[in-house]
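Q: Okay, here's the structure, questions in a sec.
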Amino acid sequence: MTRRDQCSLCGKDKERVPKLIVGLQGAVCSDCIDLCQDILQHEQETGQSPALADATLRGLVCEANRLLLSRGLVTAQSGNVSALDDVREFVYIKPSGINYELLNLTDIVRASLADGTVPTGSLKPSVDLPHHLYLYRNIPDIFAIVHTHSTYATAFAACLKPIPLVLTAMADVFGGEVPCTPYVDNEGEHIGEAILKHKTDAPAILLGNHGVFTWGKTVKDALKAAVVVEDVAKTVAVAMGIGKVVELSPGEAAKWFDRYQNRYGQ
């Protein structure tokens, strides 16, 4: 049965939108109508339609942010996922202070990579947007970033300690330890600069006294890195409570990394 109290495009009910227009085939909210008008105007002005790429990235970022909550990597409104478009023009990121359960595709904020500006009328982007922008501008082969405060990984960050390379699963995904930056404040580019200074070839880093940043060429890659960081941090923390952990040598780590990255999977 067609619902008349919910937008058929974004899924928001009538209490959460400025206006809901009901027709014979269902209902559409004014936010989605405005988005469609913007797309049509762009197409008329440029001869190109950004609809597919825009909707795809919004959908990927929205779903990835929801997965942060379902995977237990965030609580309340903390954390965020962003993605960069293929032409490195726009960044799509979670809005600030929005509950994950209420997040919809049209809530995702699009910001200019060049200067961070967002369209008039858009929700406010995550306060972590400047850090995402800095990393995209300075690590040219990444197109997605995840930031969490996941419990076990952040416990290592609270101690200003890296997660040592003591598991083959870490060698598989990261090729080495997960490094940790010293504490830095949130002013200016300090967080981005610290990550750039202390990162290794691993697609993950702990931010001292703060949390976790991971990245990748796709949203799926960045999200996987965030999940694995928390999983190995938990195992290593438990192991440290049992006894002294034994680190893998760089040579042994390279074997596992090569097999996983070049021969594992279909």
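Q: Just checking, which of Thr117, Thr154, Thr200 is in a loop (DSSP other than H, G, I, E, B) and closer than 19 Å to Ala226 by Cβ?
A: Thr200
Q: Taking the stretch 242-257 on its own, how many of its residues are of a type in the set (A, V, I, L, M, F, W, C) and part of a loop (DSSP other than H, G, I, E, B)?
A: So the count comes out to 3.
Q: What are the residues in the stretch 138-174 that are within 24 Å of Ala83 (Cα to Cα) and small (Gly, Ala, Ser), if any?
A: The answer is Ala144, Ser150, Ala153.
Q: I'm trying to understand the selection: among the residues of the stretch 241-266, which are over 13 Å from Asp172 (Cα atoms) and either touching a residue at least 60 places away in the same chain (Cβ under 8 Å) or surrounded by 13 or more Cβ atoms within 10 Å (Cβ to Cβ) (or both)?
A: Hits for the stretch 241-266 are Val245, Val246, Glu247.
Q: Identify the single condition in (1) in contact with a strand residue (DSSP E or B) (Cβ under 8 Å, 6 or more places away or on another chain); (2) under 22 Å from Ile98 (Cβ atoms); (3) of a type outside the set (D, E, K, R) that Thr218 does not satisfy, given that it satisfies every other one.
A: Against the list (1) in contact with a strand residue (DSSP E or B) (Cβ under 8 Å, 6 or more places away or on another chain); (2) under 22 Å from Ile98 (Cβ atoms); (3) of a type outside the set (D, E, K, R), Thr218 comes up short only on (2).
Q: Now, a different point. Within the stretch 66-81, can you find the residues that are without any contact (Cβ under 8 Å) to a residue 60 or more places away in the chain and part of a loop (DSSP other than H, G, I, E, B)?
A: The first filter runs over the stretch 66-81 and keeps only residues without any contact (Cβ under 8 Å) to a residue 60 or more places away in the chain, leaving 66, 69-70, 76-77.
Hits for the stretch 66-81 are Ala76, Gln77.
Q: Then there is this: Suppose we filter the stretch 5-45 for residues that are modelled with pLDDT under 75 and either in the same structural domain as Tyr92 (by TED's automatic domain parsing) or of a type in the set (Gly, Ala, Ser) (or both); how many remain?
A: Result for the stretch 5-45: 4.
Q: Can you pull out every residue in the stretch 178-220 that is charged (D, E, K, R) and either buried (at least 20 other Cβ atoms within 10 Å of the Cβ) or over 20 Å from Ala233 (Cβ atoms) (or both)?
A: Selection gives Asp185, Glu187, Glu189, Glu193, Lys197, Lys217, Lys220.
Q: Here's a follow-up. Could you pull out the residue among Leu57, Leu69, Leu135, Leu103 that is surrounded by 15 or more Cβ atoms within 10 Å (Cβ to Cβ) and touching an Asp or Glu at 6+ places or on another chain (Cβ under 7 Å)?
A: Residue meeting the stated conditions: Leu57.
Q: Test Ile205 against the stated conditions and say whether it is under 25 Å from Asn65 (Cβ atoms), hydrophobic (A, V, I, L, M, F, W, C), in contact with a strand residue (DSSP E or B) (Cβ under 9 Å, 6 or more places away or on another chain) and part of a strand (DSSP E or B).
A: yes
To keep it simple, each residue is scored yes or no on (1) over 21 Å from Pro130 (Cβ atoms); (2) over 17 Å from the mean Cα position of the chain (by Cα); (3) of a type in the set (S, T, N, Q).
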residue	(1), (2), (3)
Leu165	yes, yes, no
Thr168	yes, yes, yes
Phe174	yes, yes, no
Thr200	yes, yes, yes
Phe213	no, no, no
Ala253	yes, yes, no
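Q: Being in a loop (DSSP other than H, G, I, E, B), of a type in the set (D, E, K, R) and within 30 Å of Met240 (Cβ to Cβ) is the requirement here; does Asp185 meet it? Talk me through it step by step, then tell me what you get.
A: Numbers: in a loop (DSSP other than H, G, I, E, B): yes; of a type in the set (D, E, K, R): yes; within 30 Å of Met240 (Cβ to Cβ): yes.
So Asp185 fits the description; yes.
Q: Next question, about the same structure. What are the residue pairs meeting all of these: first residue in the stretch 199-227, first residue within 16 Å of Ala169 (Cβ to Cβ), second residue in a loop (DSSP other than H, G, I, E, B) and at pLDDT below 95, Cβ atoms under 7 Å, and 6 or more apart or on different chains?
A: Val227/Arg71
Q: To continue, here is another question. Every residue in the stretch 82-106 that is outside any loop (DSSP other than H, G, I, E, B) and touching a residue at least 60 places away in the same chain (Cβ under 8 Å), please.
A: Listed by number, the residues that qualify are Ser82, Ala83, Leu84, Leu102, Leu105, Thr106.
The values are calculated or read from the model by the stated rules, or taken from the named source; none is laboratory data. All values derive from a computational prediction rather than experimental measurement. Using ideal geometry, Cβ is built from the backbone for each residue, glycine included, and neighbour counts are taken over all protein chains shown.
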